[in-house]
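The values are calculated or read from the model by the stated rules, or taken from the named source; none is laboratory data. Note that the coordinates shown come from a computational prediction; the quantities given were computed from them, not determined experimentally. Note: ideal-geometry Cβ built from the backbone for every residue, glycine included; neighbour counts use all protein chains shown. These area figures cover heavy atoms from the full protein model, side chains too; ligands, DNA and RNA do not enter into them. Shrake-Rupley method; radii C 1.70, N 1.55, O 1.52, S 1.80 Å.
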Amino acid sequence: MTSPPARLLVLGVDAASPDLIRRWAEDGTLPNLRALMERGLTGRSLSVEGFFVGSTWPSLYTGLAPARHGFHYLVQLEPGTYEFYRPASRGLIQGDPLWTHLSRAGKRVAVLDVPLAPLDPSLNGLQVVEWGRHDSAFGFQTSPSGVAREIFARFGAYPPGPSCDGTRRTPKDYARFVDRLVRGVEAKAELTKHLLARGPWDFFIQVFTESHCVGHQCWHLHDTAHPAHDPSVAAAIGDPLRTVYAAIDAAIGDVLAEAGEARVVVLSAHGMSHWFGAHFLLRDILFRLGVAGPPEAPIEGVEEEGGALALARSVWRRLPGPIRGRLSPLRDRIRREADGAGGLPTLGVDPRTSRCFPVGNGLAVGGIRLNLAGREPDGTLQPEYAHAFCARLTRDLKEIVDQRTGGPLVRRVLRTAERFDGELLHHLPDLLVEWSDEVPTGSSAVGDGAAAGVRAHSSKIGTVEGTNDYGRTGEHRPEGVFVAAGPGIQPGRLERELSILDYAPTFARLLGVDLPPVDGRPIEELLPDPGRRASQE
């Protein structure tokens with residue numbers, strides 16, 4: 001007779017660097033994680049290939065690859081149109097999260113601040129969405145709804161505020177930002193302990209998103225090799241990443257002290273390092289390669305007032321195609337400003353003269369959509385020529401040289417359909433452009449703008465150059481880390497690398513529940529009872 005499944009506590013350290021976690025655990029900066037590693041099993045995990053920015057958390061909590069849950073970015077192309085929409089307005093994903101399945105199986109669950117997780121009012125337990133968040137897709141909401149009032153009454157608003165992004169220049173600016181993140185960590189720990197006390201819970205998951213914020217905003221103060229590194233600010237406030245990671249480690253210790261007898265998994269689903277890439281050049285590169293054509297009008301989706309916009313459009317139409325291509329970044333910036341906050345992007349190409357066009361997929365990996373005849377409204381690329389077209393475009397992209405390094409600007413070009421299979425494949429980009437991260441890309445919005453410019457060259461595109469004006473200095477990497485401890489889990493280091501798709505079926509199996517068919521597999525090393533290790537195949 002087997003013993004009943006132990007309770008499971010999952011703590012996320014969002015977008016934390018696995019290398020920094022290991023290094024600082026070893027040198028004593030993170031004593032609680034070090035202690036957990038010494039008594040538990042630790043290892044590395046890998047996010048979804050090509051989709052390790054937007055899809056990471058939805059893939060982790062469903063066990064489904066993007067071609068089966070349909071989400072890859074906060075703004076996506078509506079299949080069958082040239083219009084963009086926000087998936088969060090439609091529930092974000094297709095498919096059910098792990099905790100929904102657990103709840104249906106009679107388990108009592110608590111879900112707190114899991115990134116990009118829609119609210120499920122039917123849960124047997126409670127859920128808190130975006131009280132302390134990095135990504136803001138849904139806004140703060142809870143189930144039951146009265147939990148929101150309780151949180152505000154007891155803990156107030158989340159100390160860092162609604163957004164991490166901002167312009168900071170002085171030591172005082174950064175010190176204030178880091179202090180708010182630390183207070184956010186402390187407040188989240190107190191909230192977590194408060195909700196834990198409302199148990200018993202079969203499954204409890206909570207995510208510290210402050211590591212995500214500090215990585216994006218302060219990598220240049222941690223990394224002395226970053227072109228925007230400011231020694232005077234770093235000397236005044238120390239290493240912001242170290243400060244926030246240490247605060248999270250202390251919070252983990254406090255939470256574990258209150259958790260009682262439970263299996264514990266601490267994980268970072270994807271990582272962080274210096275900002276890189278040249279997604280801001282992708283549209284111009286496609287123009288130069290002759291596979292996309294500039295749009296007819298410089299400003300889309302803005303109601304015309306008087307004759308100024310009409311004149312601008314008239315002038316734009318008279319410009320030669322190559323000049324329109326070079327001026328497209330300026331047009332895009334004007335259009336974004338005109339759209340205002342919350343505005344959706346437009347296609348940015350003329351579909352009647354384009355065989356493909358760029359789509360958002362995060363900045364580390366660019367997305368390209370084929371303008372396929374029969375799938376897109378004005379498709380120009382016949383499906384029978386798509387394979388040859390992709391092969392040629394891949395060669396052309398990989399021939400582009402980053403003049404900062406003399407090496408390739410593009411590391412790889414992936415064909416999505418060759419790596420993923422699912423009923424929602426048509427929601428994804430057709431090609432994924434992995435930019436080389438050999439050198440960090442600076443930003444005109446940070447420091448003195450050093451290394452913010454990128455010059456790309458090949459025999460087919462000539463020279464395309466542009467300036468990154470995005471104010472983040474850290475960017476995601478697909479690598480993550482986990483440590484698991486508790487009844488039946490043998491301590492040590494797992495040599496093989498896991499997929500984040502494996503977490504959901506593993507957590508379900510630990511609680512005696514089998515998920516419907518998913519893309520991940522249970523991690524046998526975390527299943528203490530051999531009787532529950534039967535394959536899900």
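Annotations for the structure displayed:
- For residue 361, the amide hydrogen comes within under 5 Å of the amide hydrogens of 367, counting only partners 5 or more places away or on other chains and with H modelled in the peptide plane.
- Once the gyration tensor of the Cα atoms in region 96-194 is diagonalised, the equivalent ellipsoid follows with semi-axes of 29, 14, 11 Å, ordered largest first.
- Net length available on complete extension from residue 444 to residue 382 is 18.2 nm, with 0.36 nm assigned per residue and the Cα-Cα distance removed.
- Cut-off under 5 Å, modelled amide H: who pairs with residue 480 long-range: 45, 46, 47
- Label-to-label distance, nm, for residues given as residue 198 and residue 105 (7 Å Cα→Cβ offset): 2.4 nm
- Percent of beta bridges antiparallel (DSSP, the chain, rounded to nearest 5): 65 percent
- With a cut-off of 14 Å between beta carbons, the residues surrounding residue 121 carry a summed charge of -1, where Lys and Arg count +1 and Asp and Glu -1.
- Debye-sum result for the chain in log10 I(q)/I(0), which assumes one identical scatterer on each alpha carbon, at q = 0.07 Å⁻¹: -0.41
- R0 of 41 Å, Cβ-Cβ distance residue 514-residue 19: FRET efficiency to nearest 0.05: 0.70
- Its Cα centre serving as origin, region 203-286 has a Cβ charge dipole (Lys and Arg +1, Asp and Glu -1) of approximately 240 debye.
- Charge dipole magnitude, Cβ of K and R +1, D and E -1 - the chain, Cα centre, debye nearest 20: 340 debye
- Sulfur and carbon atoms: percent of accessible area, the chain [1.4 Å]: 50 percent
- Here the 3J(HN,Hα) profile of region 192-207, calculated from phi with Karplus coefficients 6.51, -1.76 and 1.60 at θ = phi - 60°, is 4, 5, 4, 6, 4, 5, 8, x, x, 10, 7, 9, 9, 10, 9, 10 Hz, Gly and Pro shown as x.
- Phi angles of region 427-443 translate, via the Karplus equation with coefficients 6.51, -1.76, 1.60 and θ = phi - 60°, into HN-Hα couplings of 7, 9, x, 7, 10, 10, 9, 8, 6, 5, 10, 4, 10, x, 9, x, 9 Hz per residue; Gly and Pro are given as x.
- Cα-based reach from residue 460 at 15 Å (exclusive), listing aspartates and glutamates while leaving out same-chain residues under 8 positions away: 284, 396, 399, 402
- Placed amide H near residue 475: partners under 5 Å, 5+ positions off or other chain: 273, 274, 275
- At the residue level, residue 288 shows approximately 70 square angstrom of accessible surface with a 1.4 angstrom probe and all protein chains present.
- Accessible surface for region 404-512, divided over its residues, is 38 Å² per residue with a 1.4 Å probe.
- For region 37-107, the relative contact order is 24 percent, taking Cα pairs closer than 8 Å that sit 6 or more residues apart in sequence and dividing their mean separation by the residue count.
- The string of couplings for region 254-261 from the Karplus curve (6.51, -1.76, 1.60, θ = phi - 60°) is 5, 5, 4, 5, 9, 7, x, 6 Hz, one whole number per residue in order, with x for Gly and Pro.
- Farthest toward the positive end of the dipole of region 367-428, out of 367, 410, 388, is the Cα of 410, where the dipole comes from beta carbon charges about the Cα centre.
- You can think of it this way: the chain between residue 493 and residue 399 has 29.8 nm of extra reach, that is 0.36 nm per residue less the Cα-Cα gap.
- Surface exposure of region 75-187, expressed per residue as accessible area with a 1.4 Å probe, stands at 43 Å².
- Rounded FRET efficiency, nearest 0.05, which uses the C-beta distance separating residue 163 from residue 417 and R0 of 45 Å: 0.80
- Rg and Dmax, both from the Cα atoms of region 1-86 and both in Å, are 18.3, 58.
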